[in-house]
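Below you'll find the structure, written out as structure tokens, and then a few comments.
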């Protein structure tokens, strides 16, 4: 079950990243989000927040947390960085 501490930490991370894009959290909204998410484990919730922070460029909704694709948490895993090995060639 999702602990309140982990939930609050995750919301704080969202606020830090998306405040300028309109993300706000108030008591009523936090209570609603927690009610829907309370059955997640701390680990699952944290992974979903991480995914949103890595993949969403707009103010996230509760649905974005639930839609997080945990099967591909690392968005750079298939990126070809080999061009960096040659320097300025």
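The values are calculated or read from the model by the stated rules, or taken from the named source; none is laboratory data. Everything quoted here is computed from the prediction, not taken from an experiment. Cβ placement follows ideal geometry from the backbone for every residue including glycine, while neighbour counts extend to all protein chains displayed.
Of the residues in region 59-70, how many are in a helix (DSSP H, G or I) and surrounded by fewer than 15 Cβ atoms within 10 Å (Cβ to Cβ)? Steps first, answer last, please.
Going through region 59-70, the residues in a helix (DSSP H, G or I) turn out to be 62-67, 70.
Still in the running and surrounded by fewer than 15 Cβ atoms within 10 Å (Cβ to Cβ): 62-63, 66-67, 70.
Residues that pass the stated criteria total 5.
Any residue that is at pLDDT below 95 and touching a helix residue (DSSP H, G or I) at 6+ places or on another chain (Cβ under 9 Å) - is there at least one of those in region 76-85? Walk me through how you get there before you give the answer.
First, the residues of region 76-85 that are at pLDDT below 95: 76-85.
Now restrict to residues that are touching a helix residue (DSSP H, G or I) at 6+ places or on another chain (Cβ under 9 Å): 76, 78.
Scanning region 76-85 turns up at least one residue that is at pLDDT below 95 and touching a helix residue (DSSP H, G or I) at 6+ places or on another chain (Cβ under 9 Å).
When the residues of region 1-40 are narrowed to those that are out of contact with any helix residue (DSSP H, G or I) (no Cβ under 9 Å at 6 or more places or on another chain) and outside any helix (DSSP H, G or I), which ends up surrounded by the most Cβ atoms within 10 Å (Cβ to Cβ)?
Among them, the one singled out is 39.
When you look at residue 14, is it under 16 Å from the mean Cα position of the chain (by Cα) and modelled with pLDDT of 95 or more, yes or no? Step through it out loud before you land on a result.
Details: under 16 Å from the mean Cα position of the chain (by Cα): yes; modelled with pLDDT of 95 or more: yes.
Judged against the criteria, residue 14 is a match.
Restricting to region 46-57, give me the number of residues that are in contact with a helix residue (DSSP H, G or I) (Cβ under 6 Å, 6 or more places away or on another chain) and over 15 Å from residue 16 (Cβ atoms).
2
Residue by residue through region 41-57, note down the ones that are outside any helix (DSSP H, G or I) and in contact (Cβ under 8 Å) with a residue 40 or more places away in the chain.
Pass one, region 41-57, residues outside any helix (DSSP H, G or I): 41, 56-57.
Across region 41-57, the qualifying residue is only 41.
Please give the number of the condition residue 56 fails out of (1) loosely packed, with under 10 Cβ neighbours inside 10 Å; (2) at pLDDT below 95.
The number of the failed condition is (1).
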